[in-house]
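Chemist: Here's a structure for you.
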Amino acid sequence: MAVKRMDNVGIVVEDLPSTIAIFQEIGLELEGQMRVEGSWADHVVGLEGMQVDMAMMKTPDGHSRLELSKFIRPKPISQEPKNAPSNTLGYLRVMFAVTDIKDTVTRLEKHGVTLVGKLEQYEDTYLLCYLRTPEGFIIALAEELK
């Protein structure tokens, strides 16, 4: 087996402080921030002259992390359409298990996050929803019903 564990999921954003605040509202912790640049980074990412401000966010259990990146150079390229629907090819969303989904949605709405559809119950097991951030990417939430 080659994979030991998943290290992180990366998301490119335009507004790093606001995106950090959204993930902190869900309960992720800011692990650290730094600027990344240099020939080693150019070679890994495949972008000449790359310069990016990065923030690493970790889940409260310490098992999962998100790498948020704001590109300074080269300028980021927008995905089309910006608010792609849920059936768009590629990475769709990041899902988090939460303890109180209604409260979490209310708190996220203060950051400009909106429901994609509706908050719905799946059988007797979960409350689920998809949310779109001001950046246009989707965060999914799940509350296990006991």
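The values are calculated or read from the model by the stated rules, or taken from the named source; none is laboratory data. Keep in mind it's a predicted model, so treat the numbers as computed, not measured. All Cβ positions, even for glycine, are placed from backbone atoms using ideal geometry, and neighbour counts span all protein chains on display. For accessibility, only protein heavy atoms count, side chains too; no ligands or nucleic acids. Shrake-Rupley method; radii C 1.70, N 1.55, O 1.52, S 1.80 Å.
Chemist: Using amide H atoms built in the peptide plane, which far-off residues or other-chain residues are under 5 Å from residue 12 H to H?
Modeler: Amide H neighbours of residue 12: 69.
Chemist: With a 1.4 Å probe and every protein chain kept in, tell me what percent of the accessible surface of the chain is carbon plus sulfur.
Modeler: Details: 5100 of 9560 Å².
Carbon plus sulfur share of accessible area: 53 percent.
Chemist: Rounded to whole Å, give me the distance from the Cα center of segment 91-132 to that of segment 10-35.
Modeler: Their Cα centres are 18 Å away from one another.
Chemist: In whole Hz, with x marking every Gly and Pro, tabulate ³J(HN,Hα) for segment 113-121 from phi via Karplus 6.51 cos²θ - 1.76 cosθ + 1.60, θ = phi - 60°.
Modeler: For segment 113-121, the Karplus-derived couplings read 7, 10, 5, 6, x, 10, 6, 10, 9 Hz, x marking Gly and Pro.
Chemist: Same structure, new question: On the principal axes of its Cα set, how long, how wide and how thick is segment 94-144? Give whole Å, largest value first.
Modeler: Principal extents (largest minus smallest coordinate, Cα): 32, 17, 17 Å.
Chemist: Leaving ligands, DNA and RNA out of it, work out the accessible area of residue 7 with a 1.4 Å probe and give it in Å² to the nearest 10.
Modeler: Roll a 1.4 Å probe over it and residue 7 shows about 60 Å².
Chemist: Contour minus end-to-end for residue 18 and residue 114, with contour as 0.36 nm per residue of separation and end-to-end as the Cα-Cα distance? Let's see the in-between values first.
Modeler: Numbers: separation 96, 0.36 × 96 = 34.56 nm, distance 1.46 nm.
Stretched fully, the residue 18-residue 114 segment lengthens by 33.1 nm.
Chemist: Still on this model: In segment 1-58, what trypsin sites (Lys or Arg not before Pro) fall in a loop by DSSP, with at most 14 other Cβ atoms inside 10 Å?
Modeler: Filter output for segment 1-58: 4, 5.
Chemist: Skip the ligands, DNA and RNA, and give the accessible area per residue of the chain with a 1.4 Å probe, whole Å².
Modeler: On a per-residue basis, 66 Å².
Chemist: Report the accessible area of residue 31, computed with a 1.4 Å probe over the heavy atoms of all protein chains in place, in Å² rounded to the nearest 10.
Modeler: Accessible area of residue 31: about 90 Å².
Chemist: On to the next question. Given the pairs 58/146; 4/102; 110/146; 58/102; 4/75, which are separated by over 31 angstrom at their Cα positions?
Modeler: In this structure, 4/102; 4/75 lie more than 31 Å apart at Cα.
Chemist: A further question follows. Residue 97 versus residue 5, label points 7 Å from Cα toward the beta carbon: distance in nm?
Modeler: 1.6 nm
Chemist: Is any residue of segment 54-95 close enough, with backbone N under 18 Å, to a label point placed 7 angstrom from the Cα of residue 42 along the Cα-Cβ axis, and if so, which?
Modeler: So the set is 71-76.
Chemist: About its Cα centre, what dipole magnitude does the chain give when the only charges are +1 on Lys and Arg Cβ and -1 on Asp and Glu Cβ, stated in debye to the nearest 20?
Modeler: 180 debye
Chemist: Could I ask something else about it? So I have [x] 18.0; [y] 15.8; [z] 16.6, and one of them is Kirkwood radius over Cα pairs in Å calculated from this model. Which one is it?
Modeler: Label [z] holds the value from this structure.
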